[in-house]
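The values are calculated or read from the model by the stated rules, or taken from the named source; none is laboratory data. Remember, it's a predicted structure, so these values are computed and weren't measured experimentally. Because the Cβ atoms are built from the backbone with ideal geometry, glycine has one as well, and the counts that use them run over all protein chains shown.
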């Protein structure tokens with residue numbers, strides 16, 4: 001998952017994020033779950049406003065923007 005995430009970032013942005021993550025140290029699983037839930041909700045809100053497109057990942061003819 002990290003590889004996919006970082007491959008969609010600029011090299012500089014990825015480096016900064018990796019440094020920030022290393023500096024945080026371990027985090028509680030419940031905090032990770034809460035952050036992931038928040039990110040999913042934000043993505044769904046953006047999709048509802050047609051600002052991003054979420055795919056189901058099933059189509060071979062899928063377009064990536």
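Taking first residues from the range 41-65 that are closer than 20 Å to residue 8 by Cα and partners that are modelled with pLDDT under 70 and surrounded by fewer than 10 Cβ atoms within 10 Å (Cβ to Cβ), the Cβ contacts under 7 Å between residues at least 6 apart in sequence or on separate chains come to 53/65.
Out of the residues in the range 3-24 that are under 16 Å from residue 36 (Cβ atoms) and surrounded by 10 or more Cβ atoms within 10 Å (Cβ to Cβ), state the one that is nearest to the chain's Cα centre (by Cα).
Our first condition is that a residue be under 16 Å from residue 36 (Cβ atoms); within the range 3-24, this holds for 4-5, 17, 21, 24.
Cutting the leftovers down to surrounded by 10 or more Cβ atoms within 10 Å (Cβ to Cβ) gives us 5, 17, 21.
Numbers: 5: 6, 17: 12, 21: 14 Å.
Once the filter is applied, the top-ranked residue is 5.
Tell me which residues, restricted to the range 32-65, are more than 16 Å from the chain's Cα centre (by Cα) and either part of a helix (DSSP H, G or I) or modelled with pLDDT of 95 or more (or both). Of everything in the range 32-65, those that are more than 16 Å from the chain's Cα centre (by Cα) and either part of a helix (DSSP H, G or I) or modelled with pLDDT of 95 or more (or both) turn out to be 48, 49.
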